[in-house]
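What follows is one structure encoded as structure tokens, with my remarks underneath.
The values are calculated or read from the model by the stated rules, or taken from the named source; none is laboratory data. All values reported here derive from a predicted model rather than from experimental measurement. Here the Cβ positions follow ideal geometry from the backbone for every residue, glycine too, while neighbour counts run over all protein chains shown. Surface accessibility is based on the protein's heavy atoms, side chains included, excluding ligands, DNA and RNA. Shrake-Rupley method; radii C 1.70, N 1.55, O 1.52, S 1.80 Å.
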Amino acid sequence: MNFDLTGEQDQLRDAVRALGRKYGHSYFVQKAKSGGHTDELWHEAGRLGYLGVNIPTEYGGGGGGITELAIVCEELAAAGCPLLLLVVSPAIAATVINKHGTEEQRKRHLPGLADGSQKIVFAITEPEAGSNFHRLGTVARRDGDDWLLSGRKVYISGVDEAGHVLVVARVAVGDGSAGSGDAAPQKLKPALFIVPTDAPGLEKSRLDMEILSPENQFMLFLDDVRLPADALVGESLDAGLPALFAGLNPERITVAAMGAGTGRYAIERASEYTATRKVWGGRSIGSHQGVAHPLAHAAVQVELARLMIQKAAALYDAGRDLEAGVAGNMAKYASGEAAALAVDTAVQALGGAGMTTEYGVATLLGAVRAGRIAPVSREMILNFVAQHILGQEKSY
Ligand SMILES: Cc1cc2nc3c(=O)[nH]c(=O)nc-3n(C[C@H](O)[C@H](O)[C@H](O)COP(=O)(O)OP(=O)(O)OC[C@H]3O[C@@H](n4cnc5c(N)ncnc54)[C@H](O)[C@@H]3O)c2cc1C
């Protein structure tokens, strides 16, 4: 068992940490409050190769894995810059296209994702379907060689910053007449489409969210969006389900890494403050166990989550997808809880300063709260663990 990073991974961690600190949390907050995006940070990270660490070298990436991308996500968050689009563009979209796209799709999209000049966001959630992806109502149907896509998506991050959105839809297969006399019901197969964000028939409406973030969420309306045949990810409809699942482990692992980084950031801010602030004689407020223990407890939870993230990423990079699925879900759960605890505890330890913009901790409350809901909620992870690990009957 080896818990050490390789020399290259260590260097990556140090270099990304330095880049994150160059920008810092005040940059992130200023962009969020002004309605801007973190373009400078994104493009510099792209130029330095950090956005493409998990993309094969032949498509302009670093040739690493999700371990490396998790390092990037964690270190930028630990510097106060938790960039949600790292989870959708390099983690989900690049993985899906690399593993299940056609060679033409890999050549067209991966170099831009690797250098940060292109972003592809991800749209699965729907107003009616929620956590139940079997109820997805977005459908794709054939029209000659083209596809026509219709449906609605909600909470889709970063559509205003991206050239394309990877849309999860369903396609009817079979004509209803197959089988033995009785009309067999049509089957709906999941399929992924790479849709230009300026495609005619695709409308977006920005949602007002109570999260301080430079990345926005959107409702998407797809009204017979016409797409060429090669917008479908993969060579055939059979690629749909594996392609969808391919994105899930990287999504969970990188979002968990972002949560762990955010937790580290908050604990560091609070510890610096409590070690020096004195309001009772000569002792720091951190000398009181009522202040120090909650911070220490949060630090333990964050470190436990980091360990699980490291395990999940190692399993994933070793091609052990099923085990990585279990570990990735557990890592995401642990990190979501730890990050929310760390930020809340840090706010409390800072007292009034905790609620100021200057100290930069309360600014993360909305984001870490969302981390217990998205991209997969804590309840759905507990359902997964209860059913698949503990052998409990499914309740829904
Ligand atoms: C900031 C943010 C960014 C997002 N970005 C994206 C994005 O880029 N792309 C995208 O596709 N989606 C995105 N989402 C959507 C996110 O993935 C969903 O919000 C999440 O999957 C939960 O779905 P829902 O909101 O429909 O909740 P629902 O499914 O309506 O669930 C509501 C509550 O009920 C609980 N619940 C539901 N079913 C069960 C059950 N069977 N057992 C126990 N509890 C249950 C849930 O855990 C949750 O607490 C984003 C959401 C947020 C908040």
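In this entry, A93 passes the filter for residues that are open to solvent by less than 10 Å² (accessible area, probe 1.4 Å), in contact with a strand residue (DSSP E or B) (Cβ under 6 Å, 6 or more places away or on another chain), touching a residue at least 40 places away in the same chain (Cβ under 8 Å) and within 21 Å of L192 (Cα to Cα).
The C-beta contact set for the range 360-376 (first residue over 15 Å from A257 (Cα atoms), second residue within 8 Å of the ligand (Cβ to nearest atom), distance under 7 angstrom, 6+ apart or interchain) comprises G366/I211. Just one of the listed residues (A386, A327) is without any contact (Cβ under 8 Å) to a residue 40 or more places away in the chain, over 23 Å from P294 (Cβ atoms) and buried (at least 21 other Cβ atoms within 10 Å of the Cβ), namely A327.
From the list D317, D344, which residue is open to solvent by 20 Å² or more (accessible area, probe 1.4 Å), closer than 30 Å to F245 by Cβ and more than 16 Å from the ligand (Cβ to nearest atom)? Break it down into steps so the answer makes sense when it comes.
Details: D344 fails: closer than 30 Å to F245 by Cβ.
None of the other options fit; the residue is D317.
Just need a number here: residues in the range 264-287 that are surrounded by 14 or more Cβ atoms within 10 Å (Cβ to Cβ) and either within 20 Å of the chain's Cα centre (by Cα) or not acidic (D, E) (or both).
Looking only at that region, the number is 13.
Of everything in the range 386-396, what is under 18 Å from A327 (Cα atoms) and within 12 Å of the ligand (Cβ to nearest atom)? Give them in sequence order. Passing the criteria: A386, Q387.
Mind checking whether some residue in the range 145-153 is crowded, with 20+ Cβ neighbours inside 10 Å, under 19 Å from L227 (Cα atoms) and near the ligand (Cβ under 8 Å from one of its atoms)? Quick ask: steps written out before the conclusion?
Of the range 145-153, the ones crowded, with 20+ Cβ neighbours inside 10 Å are 147, 149, 151, 153.
Keeping just the survivors that are under 19 Å from L227 (Cα atoms) gives 147, 149, 151, 153.
Pick out the ones that are also near the ligand (Cβ under 8 Å from one of its atoms) and you get 153.
Yes.
For the range 11-32, the count of residues that are of a type outside the set (D, E), touching a residue at least 24 places away in the same chain (Cβ under 8 Å) and farther than 22 Å from Y265 by Cα is zero. Scan the range 358-374 and tell me whether some residue there is over 30 Å from V121 (Cα atoms), surrounded by 15 or more Cβ atoms within 10 Å (Cβ to Cβ) and more than 13 Å from the ligand (Cβ to nearest atom). Yes, the range 358-374 has at least one match.
Based on what the data block shows, is E161 in the same structural domain as F193 (by TED's automatic domain parsing), of a type in the set (D, E) and either crowded, with 20+ Cβ neighbours inside 10 Å or touching a Leu at 6+ places or on another chain (Cβ under 6 Å) (or both)? Against the criterion (in the same structural domain as F193 (by TED's automatic domain parsing), of a type in the set (D, E) and either crowded, with 20+ Cβ neighbours inside 10 Å or touching a Leu at 6+ places or on another chain (Cβ under 6 Å) (or both)), E161 does not qualify.
Tallying residues that are of a type in the set (S, T, N, Q), out of contact with any Asp or Glu (no Cβ under 9 Å at 6 or more places or on another chain) and assigned to a helix (DSSP H, G or I) within the range 352-390 yields 2.
Please specify each residue of the range 1-12 satisfying the condition of being open to solvent by 70 Å² or more (accessible area, probe 1.4 Å), part of a loop (DSSP other than H, G, I, E, B) and not charged (D, E, K, R). Scanning the range 1-12 gives M1, N2, F3, T6. Here E303 meets the list (1) without any contact (Cβ under 8 Å) to a residue 60 or more places away in the chain; (2) within 29 Å of D146 (Cβ to Cβ) almost entirely, failing just condition (2).
Scanning the range 76-90 for residues that are within 16 Å of the ligand (Cβ to nearest atom), open to solvent by 10 Å² or more (accessible area, probe 1.4 Å) and either among the charged types (D, E, K, R) or not in a loop (DSSP other than H, G, I, E, B) (or both) gives a single hit, V88.
Of all residues in the range 13-39, those satisfying the criterion of being open to solvent by less than 70 Å² (accessible area, probe 1.4 Å) and either among the small types (G, A, S) or over 30 Å from N98 (Cβ atoms) (or both) are A15, A18, G20, G24, H25, Y27, V29, A32, G35, G36.
Of all residues in the range 40-58, how many are in contact (Cβ under 8 Å) with a residue 40 or more places away in the chain and surrounded by fewer than 19 Cβ atoms within 10 Å (Cβ to Cβ)?
We begin by selecting, within the range 40-58, every residue in contact (Cβ under 8 Å) with a residue 40 or more places away in the chain; these are 41-43, 45-47, 49, 51-56.
Okay, now just the ones that are also surrounded by fewer than 19 Cβ atoms within 10 Å (Cβ to Cβ), so 43, 47, 56.
Qualifying residue count, the range 40-58: 3.
Given the structure, is G63 away from the ligand (no atom under 16 Å from the Cβ), within 22 Å of G263 (Cα to Cα) and part of a loop (DSSP other than H, G, I, E, B)? Taking the combined requirement at face value, the residue does not satisfy it. Counting only strands (runs of 3 or more DSSP E) wholly contained in the range 185-290, the ones carrying 2 or more residues that are of a type in the set (K, R) occupy 187-196, 202-206. Take the conditions buried (at least 24 other Cβ atoms within 10 Å of the Cβ), within 13 Å of the ligand (Cβ to nearest atom) and outside any helix (DSSP H, G or I) and apply them to V121. Does it pass? Criteria met by V121. Pairs linking a residue in the range 311-323 that is on the phi > 0 side of the Ramachandran plot to a residue that is open to solvent by less than 60 Å² (accessible area, probe 1.4 Å) and among the hydrophobic types (A, V, I, L, M, F, W, C), with Cβ atoms under 7 Å and 6 or more positions apart or on different chains, do not occur.
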